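The values are calculated or read from the model by the stated rules, or taken from the named source; none is laboratory data. Since the model is a prediction, treat every value here as computed from it, not as a measurement. Every residue, glycine as well, gets a Cβ built from its backbone with ideal geometry; the counts of neighbours run over all protein chains shown. The accessibility values were calculated without ligands, DNA or RNA, using every heavy atom of the protein model including side chains. Shrake-Rupley method; radii C 1.70, N 1.55, O 1.52, S 1.80 Å.
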Amino acid sequence: MKGYSVEALSVPDFGDIPIDAGDDVCAAVILMSMFNVSAEPEARVGRTAYAASGDGDVAGSSVVLNSYQGVDAEQGMADLRKSVDGCPGGFEISDALKATAVKSLKVPDVGDEAVAFRLDGGILGADTPTAYTVVRSDTTLAVFFNPSLSDSGTVTVPVEVVRAQVAKLERVAG
């Protein structure tokens, strides 16, 4: 992408997830904060796109591509949409896994379907708001996320990054 530098992203292994996806309306949002849905992906890869502004600031957005079998991707999106709507007050699993608010964001018109939301709070122990845009293209979920270290009021995932990655994913998938 013009204006961006793209690098591999090491996707963390969260091990056993400390929730049962069916127990809590916030479960799908919690799982997505760990780049997952209730089903384990068949394959996963991540990248980060950095854009440098003229004043030396660097902004980064990351994407994790998760490939699923059958209807797992569709069900994951349905669960996520319901969870974003039903969990506005956030959640707390532990000091390292909590959010004080979940807010729906404008959804880009890409892929088969998309969900966009913002988490405020302390994912992985940091008090950093993070924007997520999740796009389903067939059985692949593209999870875009962008934490804000400086401007917490307007954190978003750049739509040009979402469009470029989803277009590339759909070209490759045929």
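Between a first residue in the range 113-128 that is at positive phi and a second residue that is in a strand (DSSP E or B) and modelled with pLDDT under 90, which pairs have beta carbons less than 6 Å apart while being 6 or more apart in sequence or on different chains?
Qualifying pairs under 6 Å: Gly121/Lys98; Gly121/Ala99.
Within the range 51-68, can you find the residues that are assigned to a strand (DSSP E or B) and either modelled with pLDDT of 80 or more or touching a His at 6+ places or on another chain (Cβ under 8 Å) (or both)?
The answer is Ser62, Val63, Val64, Leu65, Asn66, Ser67.
Output the strands (runs of 3 or more DSSP E) that fall wholly within the range 69-174 and possess 1 or more residues being within 21 Å of Ala39 (Cα to Cα), or say none.
91-94, 97-99, 113-120, 130-137, 140-147
Considering only the range 7-15, I want to know if a residue exists there that is buried (at least 16 other Cβ atoms within 10 Å of the Cβ), touching a Cys at 6+ places or on another chain (Cβ under 8 Å) and modelled with pLDDT under 90.
No, there is no match, as no residue in the range 7-15 is buried (at least 16 other Cβ atoms within 10 Å of the Cβ), touching a Cys at 6+ places or on another chain (Cβ under 8 Å) and modelled with pLDDT under 90.
Could you please find all residues in the range 102-122 being over 19 Å from Met77 (Cα atoms) and open to solvent by 30 Å² or more (accessible area, probe 1.4 Å)?
Matches in the range 102-122: Asp120 only.
Looking at (1) touching a Ser or Thr at 6+ places or on another chain (Cβ under 8 Å); (2) free of Cβ contacts under 8 Å to residues at least 60 places away in the same chain, find the lone condition where Val71 falls short.
(1)
Which residues, counting only those in the range 36-50, are assigned to a loop (DSSP other than H, G, I, E, B), in contact (Cβ under 8 Å) with a residue 40 or more places away in the chain and either touching a helix residue (DSSP H, G or I) at 6+ places or on another chain (Cβ under 6 Å) or open to solvent by less than 20 Å² (accessible area, probe 1.4 Å) (or both)?
Passing the criteria: only Val37.
Hey, could you check the range 128-155 for residues that are surrounded by fewer than 16 Cβ atoms within 10 Å (Cβ to Cβ) and of a type outside the set (A, V, I, L, M) and say which is farthest from Val115 (Cα to Cα)?
Ranking the qualifying residues of the range 128-155, first place goes to Ser150.
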